[in-house]
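The block underneath contains the structure these notes are about, expressed in structure tokens.
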Amino acid sequence: MVGTFFSNACIVFTLIVIGFLPYSRLRARRLPTTLDRLLTGLAAGVMGILLMLYALPVPNSKLILDLRHLPVVTGALFLGPSASLVAGLVEEIGRVATFGANQTTILAALNMLLVSAIAPILARIKRRLAIRVLVVNVYALAQISALVVWLMPTHAQFEWVLLTYGIVSLVAGYGSAWLVTQLFAHFGRQHELEQMSSVDFLTGLNNTRHFDLVINELAARAATGTESLSILAIDIDHFKSVNDTYGHPAGDAVLQQLATVLQTCTGSRDVVSRNGGEEFTVLMPGCTLIVAQEMAERIRAAVERRDFLLPNGESIHITVSLGVACLPESTVDTSAFLQLADDALYTAKKRGRNRVCIASP
């Protein structure tokens, strides 16, 4: 009996780890959507069905004891009612399909559906997680035990079965909650490290490392003719004079505000990067040379119009020069693509700055 419940607990812990992996990166970036909750509820329901297959048959009855409520209450604690209800529904459809429709099966199904409906309500009480885990698991255990007491024939091991079931259930419930919180924390830290390695610390834009990875991928795609790729090479005009006149904190403020301008002007597919110092790039997949030139002019004009606020309360105006190149319109040589944009940027500076120049093939 103890071995059966222990096997159930091991199944729960193992499947939580395995099932968590596809959602780990998504969870690290944003809150789960309704679809995420429904899919997780479905997976939790399948876990519950598997637990039933390794359940403890109660002697002289059609009852089985297992930990199928743990996926339901864990979903209620971390993902809310939609995940919990879907898990409960899937579990009980699986129970009826596996063990047939009889009085015991139907009562057990209704009982678990009630758990899946009430557990999310209890999970929302304003207490720390350890208390919420205790409340939800005790409630589920009490409701399941009440049904067992009602349907279970009296025999010598009656109290021992319920006591063992209760202890293992509570320990496994806390273990499941602890495991999920540790997984969230682990993948959250992993995401932070990934962000630190790919994001510029000052502006929050992509850094050179991320730029190199993306440009290689997009350029290879453009070389196959799948879609064009344009690039804007951007440089702040006379940026050294800003640092020399107002100090490096003022220069940092200008860089941060320019990053905001670039993000505002560009689209959701565009990759905006700080490539070092006052140098920036915008990669524009699926963008023709003419459209890229229009985007470059829009950025140039937006920067020229903007008041850049310095830490001392003063505001200044700056300008930028931009070089534009496109695969395959400017060149079909992916290795020369970036150099063409840099050459066009150099031409813009040579011609007086605060202007846009297009790469010459």
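The values are calculated or read from the model by the stated rules, or taken from the named source; none is laboratory data. Predicted, not measured: the structure shown is a model, and the values here were computed from it. Neighbour counts run over all protein chains shown; Cβ positions are idealised from the backbone, glycine included. The area values use the complete protein model at the heavy-atom level, side chains included, leaving out ligands, DNA and RNA. Shrake-Rupley method; radii C 1.70, N 1.55, O 1.52, S 1.80 Å.
Give me the extension gain from residue 244 to residue 279: residue separation times 0.36 nm, minus the current Cα-Cα distance, reported in nm with one decimal.
Working: separation 35, 0.36 × 35 = 12.60 nm, distance 1.77 nm.
In short, 10.8 nm is gained.
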- Listed highest first by mean packing, meaning other Cβ atoms within 10 Å per residue, what order do 272-280, 37-45 come in? 37-45, 272-280
- Message: Going by average Cβ density within 10 Å per residue, which order do the peptides 168-180, 68-80 take, highest to lowest?
- Response: 68-80, 168-180
- Along its principal axes, what span do the Cα atoms of the stretch 58-148 show, with the longest given first and each in whole Å? 42, 24, 15
- Which far-off residues, 5 or more places away or on another chain, put their amide H under 5 Å from the one on residue 204, with H placed in the peptide plane? none
- Message: Using the basic label-point model (7 angstrom from Cα toward the beta carbon), what is the residue 268 to residue 129 distance in nanometres?
- Response: 3.1 nm
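Listed highest first by mean packing, meaning other Cβ atoms within 10 Å per residue, what order do 115-121, 349-355 come in?
Working: 115-121: 21.3, 349-355: 13.4.
Per-residue mean Cβ counts within 10 Å order the peptides as 115-121, 349-355.
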- Note on the structure: Hull surface over four for the Cα convex hull of the stretch 242-322, reported in nm², is 5.3 nm²
- Note on the structure: HN-Hα couplings for the stretch 85-91 via Karplus (6.51, -1.76, 1.60; θ = phi - 60°), in whole Hz with x for Gly/Pro, come out as 5, 5, 4, x, 5, 5, 4
- Using a 1.4 angstrom probe on heavy atoms only, work out the carbon and sulfur share of the accessible area of the stretch 239-361 in %. 49 percent
- Give the Kirkwood hydrodynamic radius (Å, one decimal) of the stretch 288-361, defined as one over the mean of 1/r across all pairs of different Cα atoms. 13.2 Å
- Residue by residue through the stretch 219-226, which ³J(HN,Hα) values in whole Hz follow from phi under the Karplus form 6.51 cos²θ - 1.76 cosθ + 1.60 (θ = phi - 60°), with glycine and proline marked x? 5, 4, 5, 5, 5, 7, x, 5
- Item | Rounded accessible area per residue of the stretch 262-361, 1.4 Å, Å² | 49 Å²
- Message: Given a 1.4 angstrom probe, I'd like the percentage of the accessible area of the stretch 95-135 that is carbon and sulfur, rounded to a whole number.
- Response: 65 percent
